[in-house]
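S.K.: Dropping a structure here in structure tokens format, bear with me for questions.
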Amino acid sequence: MYASPKIGDQKIRLGKAQNIESKLDNLRTFVEEVVPYQGWEVCQMIDLRFKDQIVCTRNNKMISLNNSIK
């Protein structure tokens, strides 16, 4: 399952519908903690399939932004 934000052309990869609340919490973390400093343009794809982890594709390279909220 994928989502697209209203602003920007990034893709948000959610994977299966399991644990959707946790995935959306991870997206909220990304928006609150990364976007204000890096902007939406930092990632081409935001992958939320993994537990407590946000994986972004940036310039054809993978970077991992660990979610340390929980």
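The values are calculated or read from the model by the stated rules, or taken from the named source; none is laboratory data. This is a predicted model, so every value here is computed, not measured. Surface areas here come from the heavy atoms of the whole protein model, side chains and all, with no ligands, DNA or RNA. Shrake-Rupley method; radii C 1.70, N 1.55, O 1.52, S 1.80 Å.
S.K.: Using a 1.4 Å probe and counting only protein heavy atoms, arrange Leu24, Leu14 so the residue with the most accessible area comes first. Write down the numbers at each step before the final one.
M.R.: Numbers: Leu24 80, Leu14 15 Å².
Ranking Leu24, Leu14 by accessible area, largest first, yields Leu24, Leu14.
S.K.: Read phi for every residue in region 25-39 and hand back ³J(HN,Hα) as whole Hz from Karplus 6.51 cos²θ - 1.76 cosθ + 1.60, θ = phi - 60°, with x for Gly and Pro.
M.R.: 4, 5, 5, 4, 4, 4, 5, 7, 10, 10, 4, x, 9, 10, x
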